[in-house]
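S.K.: Please read through the structure below; I'll follow up with questions.
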Amino acid sequence: MSDSPLPEILPHGADGILLRLGLSARESTVAAVQILRAAMEDACPHGVEEIASSLTSVYLRFDPARTTRAEVCATAQSIARGVDLSATTLPAPRHRWTIPVVLGGEHGPHFDEMVRATGHSDQRAREVLLSARLRVLAIGFAPGLPYMGLLPEAWDVPRLRDVTPKVPACALVAAVRQLIIFTNPTPTGWRHIGQTAFHGFQVGRDPATALSAGDEIRLEQMTPADLHGLQTDNPDGLGGARCEVLS
Amino acid sequence: MTGGTLILHRAGPGVTVQDEGRPYRLAEGLSRGGAADRLALIEAAALLGLHAPVAALEMAMLGCDVTCTAPTRLALTGARMAADLNGTSLAPNSTFWMTPEDRLSIGAARAGTYSYLTPAGGIQTSEIIGSRAAHLTAGIGKPLQAGDELPMGEDPDPNAPPMILRVEDRLSGGSVRVMPGPQSDLFDAETRARFFATEFRRARTGNRQGVRLDAEGPPFTTQTETLASDIIQPGDVQMTGDGVPYVLLSECQTMGGYPRIGTVIAQDLGRVAQAAPGTSLRFAEVSAAEADALWRSEADQLIALRKSVQPLRRDPHDIPDLLSYQLISGVVRGDEQGGTG
């Protein structure tokens with residue numbers, strides 16, 4: 001654990017702290033965040049009301065009526081010291097989702113460009129995406145919107161300089177070794193490489209948010225006809241996605 | 001348990017149902033939302049003698065015309081909007097009685113941005129994900145319009161007399177305390193010092209997600225290029241790509257990639273939310289320890305405010321035509337001194 005990084009502990013509002021492991025989403029940082037968040041969730045520190053994570057940090061909101069910043073900081077530091085944040089093995093996922101997707105063609109107008117940027121063949125790029133054991137690294141920006149990753153180094157492709165004005169809801173987009181499935185039509189610099197019928201957030205559904213940080217995600221190929229069928233008959237908004245509960 | 005219905009006959013574009021929002025859902029990407037000026041909900045609860053805030057109508061810049069189908073007390077708090085009951089002005093930060101014969105008309109904001117009309121039994125629309133609050137960016141609820149009918153809970157104390165609360169002015173900008181946040185150190189000392197020495201004006205651009213602030217002088221930038229998106233929250237002062245500050249409000253996103261120079265403390269966030277376009281705002285630096293010492297729970301704030309509520313009394317000198325005055329209705333002239341602001 002000699003090179004295990006300890007988080008910087010920083011104030012975030014009068015009822016919060018941020019445990020920051022880096023400023024940019026490097027592979028080691030992203031993994032350490034997953035480990036640290038799971039450790040915080042398991043420990044349930046006294047007075048902590050809410051735990052959330054980004055790609056680079058874990059946020060704890062506490063109730064200042066029940067605890068103090070000093071106490072939460074000390075507890076968080078001791079929990080962080082008790083785990084190996086340099087480990088490459090992530091905590092086991094609690095759920096494994098399989099989400100059907102159409103890659104490329106009219107449903108993924110930037111797919112070919114993305115494939116060229118990775119240096120892969122079309123076939124190889126599909127294999128990588130469909131065999132990847134992705135993890136939900138964070139949910140945020142919009143309700144239920146998953147940041148998934150990390151893909152191999154070849155997929156470290158920057159965002160487009162020119163924003164695409166409107167990428168549809170449920171689009172699969174890629175950039176910087178990550179994938180996102182949009183929850184709403186969104187202007188974006190991420191490349192639109194595929195299309196699902198998976199709504200990460202649906203107000204009338206219980207739970208409204210399908211995914212949680214840490215979940216494993218596998219993509220599964222479907223045909224444009226399958227997609228059309230799911231788009232017209234999609235009562236749970238999950239677009240044919242299946243969830244296995246892992247112990 | 002029914003307290004009748006509140007019927008909207010006219011509504012400005014920014015009228016929504018709001019309560020305390022949906023905490024505990026940050027990990028789902030859903031910000032808490034709820035009233036833009038949370039203190040106004042607490043003040044309404046204090047005025048109505050309630051032990052917890054209830055759902056209210058939030059009105060941004062422009063109000064609405066309403067009638068009700070059953071008698072109830074209501075409270076008006078937050079921004080000072082021209083408000084009259086059957087043509088007689090209502091005092092800000094006060095309660096009044098309303099019966100099915102009455103018509104309440106709330107006009108444009110004279111000071112501040114967000115005004116709150118709270119029935120004593122609360123608005124009792126169905127809860128969605130644990131709250132009645134519209135969260136427009138999440139696609140929950142929608143702005144209300146003429147013809148909408150909102151169920152109300154029963155008034156728990158229908159005979160309680162009209163009350164008034166004198167509140168400290170938070171409608172006209174001024175100084176707002178900012179504590180350091182996780183990214184304050186990304187800004188160099190000169191930029192931070194300049195930020196705290198600058199007088200800003202609330203820009204026209206702004207909504208429940210956040211408000212833009214304009215100022216003379218160079219932008220407030222950092223040297224960081226590849227900042228990953230991180231957790232953001234209401235109160236954070238975020239510098240957009242061109243170095244212009246936005247103060248995030250209740251309906252902000254949960255993650256953002258712009259650097260943040262600090263966080264407006266909860267007690268002062270209403271002052272930012274209420275600042276109308278053009279209003280001057282300055283930021284005062286406080287340490288995290290000072291911010292922590294200033295923190296008070298909303299439950300404690302309500303208890304304190306309940307002690308400050310007073311019967312709405314009118315000085316006969318302020319009433320030009322005492323004989324025509326409806327003593328039972330609890331209305332007063334709009335220019336009386338008590339409770340303005």
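The values are calculated or read from the model by the stated rules, or taken from the named source; none is laboratory data. Here the structure is a predicted model, which means the values were calculated and not measured. A quick note on method: Cβ atoms are made from the backbone with ideal geometry, for glycine too, and the neighbour counts reach across all protein chains shown.
S.K.: When the residues of the stretch A:138-166 are narrowed to those that are at the interface with chain B (Cβ under 10 Å from one of its Cβ atoms) and under 9 Å from the mean Cα position of the chain (by Cα), which ends up farthest from B:LEU26 (Cα to Cα)?
M.R.: Ranking the qualifying residues of the stretch A:138-166, first place goes to A:TYR147.
S.K.: Moving to a separate point now. So is B:ARG170 at pLDDT 95 or above and within 14 Å of chain A (Cβ to nearest Cβ) or not? Steps first, please.
M.R.: On the way: at pLDDT 95 or above: yes; within 14 Å of chain A (Cβ to nearest Cβ): no.
For B:ARG170, the condition - at pLDDT 95 or above and within 14 Å of chain A (Cβ to nearest Cβ) - is not met.
S.K.: If a residue must be more than 10 Å from the chain's Cα centre (by Cα) and part of a helix (DSSP H, G or I), how many such residues does the stretch B:16-41 contain?
M.R.: The total comes to 3.
S.K.: Additional query: Got a number for residues in the stretch A:197-247 being farther than 19 Å from A:HIS95 by Cα and in contact (Cβ under 8 Å) with a residue 60 or more places away in the chain?
M.R.: Number of matching residues: 8.
S.K.: Here is a follow-up. Among the candidates B:ALA228, B:ALA266, single out the residue that is more than 24 Å from the chain's Cα centre (by Cα) and surrounded by fewer than 24 Cβ atoms within 10 Å (Cβ to Cβ). Write out each step before concluding.
M.R.: Values: B:ALA266 fails: more than 24 Å from the chain's Cα centre (by Cα).
Only one candidate qualifies: B:ALA228.
S.K.: Please return the ranges of helices (runs of 4 or more DSSP H) entirely within the stretch B:196-310 where 2 or more residues are more than 10 Å from chain A (Cβ to nearest Cβ).
M.R.: Values: elements: B:266-274, B:288-294, B:298-308.
Helices (runs of 4 or more DSSP H) meeting the threshold: B:266-274, B:298-308.
S.K.: Listed residues B:GLY34, B:GLY87; which is modelled with pLDDT under 95 and away from every other protein chain (no Cβ under 14 Å)?
M.R.: B:GLY87
S.K.: Quick one: which residue in B:ILE129, B:ILE123 is over 22 Å from B:ASP268 (Cα atoms), within 13 Å of chain A (Cβ to nearest Cβ) and among the β-branched types (Val, Ile, Thr)?
M.R.: Details: B:ILE123 fails: within 13 Å of chain A (Cβ to nearest Cβ).
Checking each option against the conditions leaves just B:ILE129.
S.K.: Related question: Condition test on A:SER28, is it at the interface with chain B (Cβ under 8 Å from one of its Cβ atoms), within 17 Å of the chain's Cα centre (by Cα) and more than 19 Å from B:ILE261 (Cα to Cα)?
M.R.: Considered against the rule, which asks whether it is at the interface with chain B (Cβ under 8 Å from one of its Cβ atoms), within 17 Å of the chain's Cα centre (by Cα) and more than 19 Å from B:ILE261 (Cα to Cα), A:SER28 comes out as no.
S.K.: Restricting attention to the stretch A:118-136, does a residue exist that is more than 22 Å from A:ALA25 (Cα to Cα) and surrounded by 21 or more Cβ atoms within 10 Å (Cβ to Cβ)?
M.R.: yes
S.K.: Given the criteria in contact with a helix residue (DSSP H, G or I) (Cβ under 8 Å, 6 or more places away or on another chain), under 20 Å from A:ASP226 (Cα atoms) and either surrounded by 14 or more Cβ atoms within 10 Å (Cβ to Cβ) or of a type in the set (D, E, K, R) (or both), does A:HIS107 qualify?
M.R.: yes
S.K.: Right, another one. Is at least one residue of the stretch A:231-241 touching a strand residue (DSSP E or B) at 6+ places or on another chain (Cβ under 6 Å) and at pLDDT 95 or above?
M.R.: yes
S.K.: Checking the structure you have, find out if any residue of the stretch A:38-50 is in a helix (DSSP H, G or I), within 9 Å of chain B (Cβ to nearest Cβ) and not small (Gly, Ala, Ser).
M.R.: No: zero hits.
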